[in-house]
Amino acid sequence: MSETRTVVVALIYLLSATLFVLGLKRLARVRTARQGNGISAVAMLLAVVGTLIELGIVQDYRWIVAGIVVGSAVGAVIAVRVPMTSMPEMVAILNGFGGAASALVAISIYWVDVVEPGKVGTLASILGGSQAVTAFLSVLIGGVTFSGSVVAYAKLNGSLPGRPILLPGRHVLNVALLVLSVAVGLVFAYGVADPVRGAAFVWALLAASLVLGILLVIPIGGADMPVVVSLLNSYSGLAACATGFVIGNNLLIISGAMVGAAGIILTRIMCDAMNRSLPSVVMGGFGGGDSSSAAAAGSQEYTSTRSAGAEEAAMVLEAARKVVVVPGYGLAVAQAQHAVRELGDLLKKRGVEVLYAIHPVAGRMPGHMNVLLAEADIPYELLWEMERINPEFHDTDAVIVLGANDVVNPAAMTQKDSPIYGMPILEVHHAKTVFVVKRSLGAGYAGIKNELFEKPNTMMVFGDAKKVLQELIGELKQLST
């Protein structure tokens with residue numbers, strides 16, 4: 001590569017890496033997240049351009065341009081058509097695509113440099129020891145990420161049961177399969193000199209990693225899926241980082257490491273929020289508990305719930321001094337964020353303090369509720385996190401729970417045999433009055449009975465969240481006239 005091209009590539013990579021850091025920084029806040037996403041997209045485009053210039057082996061750019069056009073069109077259509085309620089599924093499957101891409105790149109390098117030329121010798125002797133190890137790690141982590149993400153996607157969209165699928169001896173099986181995968185990978189990297197046999201080992205490694213990804217995710221229930229999505233995000237970054245070592249691309253190493261580190265940090269935060277341990281998340285099957293006891297808990301009937309209509313709820317809200325809104329997945333399904341904003345504005349005009357309580361795992365992915373409420377231009381400073389809002393419930397006149405379930409269930413604090421025991425919750429039961437807006441008394445992702453529904457200060461308001469909120473707004477306006 002000429003000196004001029006080397007300098008150009010280095011400058012492009014430096015600019016791209018800087019933009020990745022700035023984009024990630026701006027993604028940390030809801031207000032600047034959209035701008036951060038755009039900056040990161042530009043950084044990725046520069047990374048692709050820089051890589052093509054560095055390699056200098058592309059004879060016909062028409063295929064490259066066609067790929068960019070088709071991929072961009074597909075991505076744009078998906079981004080526009082996928083509703084906010086399905087965003088977690090989209091994030092899960094995009095993680096999977098990232099892992100699959102990393103694995104395929106590593107395999108293609110082996111094919112181009114070893115199999116097609118028919119070179120005899122181990123992968124380590126041909127490419128170097130570090131590249132050989134990272135090649136097998138790229139295939140292993142990429143395969144686990146892809147199949148695990150597909151299972152997560154299927155659980156989130158209902159194609160697979162949301163309940164944990166517990167196989168006998170699953171932990172032993174997972175460990176055995178992981179050991180087998182590593183053994184096959186090491187033989188592929190250091191022990192096979194014949195390219196035909198090496199190809200067989202790399203396909204065996206890919207198959208083992210795909211099975212391992214499935215086995216790691218199927219024992220995990222829907223309530224714990226936000227943790228899984230963040231962990232798979234970390235895996236996709238690690239796979240990309242490993243692939244960067246394989247092809248000798250510093251920018252891919254940097255960006256992959258950033259994604260991997262950010263994902264594992266987020267996973268740790270989610271583990272703390274759900275009282276899970278990081279090792280149990282990595283090995284799969286965490287939070288499943290005893291499926292029979294969970295089913296029994298979920299099948300218990302409610303005997304002492306009270307219900308209320310919009311008129312009764314509006315009278316309580318009219319006399320309140322402080323109201324806290326707890327958004328959940330039901331709010332996202334009903335697309336009721338703008339109605340929430342209208343109700344909040346109406347209450348504030350009447351002198352009521354209105355806050356929004358955000359649980360770390362409300363919805364189906366980290367930050368789901370923050371993004372949803374930001375769509376309705378609800379001021380970010382009114383979104384209070386769990387640790388900050390919980391002490392306020394004792395002095396709250398009314399709480400409106402919109403479709404949330406497990407994250408407000410007091411069983412997490414009282415029932416040691418509950419699947420969610422120990423999970424920090426929004427302690428809404430301490431408020432003077434709690435209105436729970438739900439379509440029915442159906443269980444949440446954990447599949448258990450919610451003790452909150454039978455509390456003496458709780459009233460159920462049955463119906464679609466958006467419709468109920470619109471009725472509340474109408475009643476409050478009538479009370480003002």
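The values are calculated or read from the model by the stated rules, or taken from the named source; none is laboratory data. Predicted model only: the values in this text are computed from it and were never measured. Every residue, glycine as well, gets a Cβ built from its backbone with ideal geometry; the counts of neighbours run over all protein chains shown.
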Discussion item. Suppose the filter is under 25 Å from ALA336 (Cβ atoms) and assigned to a loop (DSSP other than H, G, I, E, B); does GLY447 pass it?
Written reply: yes
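Out of the residues in region 288-315 that are assigned to a loop (DSSP other than H, G, I, E, B), closer than 21 Å to LEU452 by Cα and not aliphatic (A, V, I, L, M), state the one that is modelled with the lowest pLDDT.
Filtering region 288-315 for residues assigned to a loop (DSSP other than H, G, I, E, B) gives 288-290, 300-306, 308-309.
After this cut, where a residue has to be closer than 21 Å to LEU452 by Cα as well, the list is 300-306, 308-309.
Filter again for not aliphatic (A, V, I, L, M), leaving 300-306, 309.
On the way: GLN300: 62, GLU301: 79, TYR302: 85, THR303: 83, SER304: 87, THR305: 91, ARG306: 93, GLY309: 92.
Ranking the candidates gives GLN300 first.
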Discussion item. Can you list residue pairs whose Cβ atoms sit under 9 Å apart, with the first residue in region 61-83 being closer than 18 Å to LEU45 by Cβ and the second being aliphatic (A, V, I, L, M) and not in a helix (DSSP H, G or I)? Count only pairs 6 or more apart in sequence or on different chains.
Written reply: ILE64/VAL58
Discussion item. Going by what's in this entry, would ILE220 be described as aliphatic (A, V, I, L, M), assigned to a loop (DSSP other than H, G, I, E, B) and either free of Cβ contacts under 8 Å to residues at least 40 places away in the same chain or within 30 Å of GLY367 (Cβ to Cβ) (or both)?
Written reply: yes
Worksheet item: Does VAL246 satisfy the criteria of being at pLDDT below 90, in a helix (DSSP H, G or I) and either on the phi > 0 side of the Ramachandran plot or not aromatic (Phe, Trp, Tyr) (or both)?
Response: no
Worksheet item: Using beta carbons and a limit of 6 Å, which pairs, at least six apart or on different chains, have the first residue in region 104-129 and without any contact (Cβ under 8 Å) to a residue 60 or more places away in the chain and the second one not small (Gly, Ala, Ser)?
Response: ILE126/VAL114; ILE126/LYS119
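Mind listing whichever residues of region 316-340 are of a type in the set (A, V, I, L, M, F, W, C) and either assigned to a helix (DSSP H, G or I) or under 24 Å from the mean Cα position of the chain (by Cα) (or both)? It would help to see each step written out before you state the result.
Just the residues of region 316-340 that are of a type in the set (A, V, I, L, M, F, W, C), to begin with: 316-317, 319-320, 323-326, 331-334, 336, 339-340.
Hits for region 316-340 are VAL316, LEU317, VAL325, VAL326, LEU331, ALA332, VAL333, ALA334, ALA336, ALA339, VAL340.
Within region 29-39, is there a residue that is outside any helix (DSSP H, G or I), free of Cβ contacts under 8 Å to residues at least 12 places away in the same chain and of a type in the set (D, E, K, R)? Reasoning before the result, please.
Just the residues of region 29-39 that are outside any helix (DSSP H, G or I), to begin with: 29.
From what's left, free of Cβ contacts under 8 Å to residues at least 12 places away in the same chain: none.
Looking through region 29-39, none of the residues is outside any helix (DSSP H, G or I), free of Cβ contacts under 8 Å to residues at least 12 places away in the same chain and of a type in the set (D, E, K, R).
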Worksheet item: Going by the structure shown, is MET459 modelled with pLDDT of 95 or more, in the same structural domain as LEU343 (by TED's automatic domain parsing) and either farther than 21 Å from ALA332 by Cβ or in a loop (DSSP other than H, G, I, E, B) (or both)?
Response: yes
Practice prompt. Check region 159-167 and report whether any residue there is touching a helix residue (DSSP H, G or I) at 6+ places or on another chain (Cβ under 9 Å), without any contact (Cβ under 8 Å) to a residue 24 or more places away in the chain, within 22 Å of SER236 (Cβ to Cβ) and not acidic (Asp, Glu).
Written response: yes
Response to the item:
Across region 96-143, the tally of residues that are of a type in the set (Ser, Thr, Tyr), surrounded by fewer than 20 Cβ atoms within 10 Å (Cβ to Cβ) and under 31 Å from the mean Cα position of the chain (by Cα) stands at 1
